[in-house]
Amino acid sequence: MKFNTPRSIKTPIILGASSIALAITLLVGWILVLIQNSEQAEQAARANGWLMVGGIVSFVVIVVVLVLFSVFLVREILESRRQVRFIDSVTHELKSPLASLKLSVQTVNRRKLSDAQTSELHRRMLDDIDRLSAFIDDILAASRLEQDREALDCSEVNVRMLAERCTERVRGRYRAPRGAIQIDVPEDLTLQTSSTALETVLKNLLDNALKYSDEPTGIVLIAREGEGRVHFSVTDRGIGISQVHLKLIFNRFYRVPDENVNTRRGTGLGLYVVSSLVKTLGGQLTALSDGPGQGTTMQFALPMRYRRSS
């Protein structure tokens, strides 16, 4: 499948900047002419005041429209680029596990395998299915967030038990050793919130931390109560994020343009979903990193009791 090449943003920026510069130049020239011919300008203003006021207002409106048009056009082009990258990522995310599943099925059908080999192939197929399921869940979650911002159901959640469940799920997906993710959460810590949403948040953050870390991982999930909120943080010693990209990583379809990121699967939806869910639950997700190779900390705080929006 072939996609159209994303349009360059240089052309609209140059045209917009040139139009605005020309408009400002005309305005300055007009003002200078009026100053140099103040008596005639005063007489003209008394005679045709409404015309001059209308001209000034129209001129200002034209400049504002030019600015807005340039900004919106650049935003649309950037969004188009992100969507093209997203489609490329989706294609890769779908083809890779499907190809693996196909190969496993063909191997089972064509060869006489031992029980151990058959069991290993079944495990691989289940891993691929789990990967596809998680990927589809992210896409569906992103779609629902765009169309439906209604409040989530809430219940009492034991944070420690939820953290352990998320850790085991993520660790199993990557077949990471048991000590790859450390949990530092009091056993009796609870809060009233959406269990499903919080589980999605923690699984995505842990998945990212493990995905973008090399051995030894050194990932730590911490949750503490304080000032009427539960403070969460997921820290890794992975590839890190430069300061330029720290705020952009929560945008839909955004992936850091770095080789260490491109070599690892992803669509740019995970952190967008997480950030949106955290906001819905009453918190704010932030990313901290000292730069490439220095690891990353994702942190947020949720109220002890989630209040549904009206």
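Rule-based calculations on the coordinates, nothing more; no lab input. Here the structure is a predicted model, which means the values were calculated and not measured. Quick reminder, even Gly has a Cβ in these numbers, built from the backbone with ideal geometry, and neighbours come from all protein chains shown.
Which of the peptides 217-224, 59-66 is most tightly packed, and how do the rest follow, judged by the mean count of other Cβ atoms within 10 Å per residue?
By packing density, highest mean first, the sequence is 217-224, 59-66.
Check each of the GluC sites (Glu not before Pro) in the stretch 170-272 and keep only those in coil by DSSP with at most 16 other C-beta atoms within 10 angstrom; list them in order.
The qualifying sites are Glu187, Glu227.
Structure shown: which of Lys102/Lys247; Lys203/Lys247; Lys112/Lys211; Lys102/Lys211 lie over 29 Å apart, alpha-carbon to alpha-carbon?
Where the Cα-Cα span goes over 29 Å, the pairs concerned are Lys102/Lys247; Lys112/Lys211.
What is the gain in length, in nm to one decimal, between Val220 and Val65 on full extension, counting 0.36 nm per residue of separation less the C-alpha to C-alpha distance?
My answer for the length gained is 50.8 nm.
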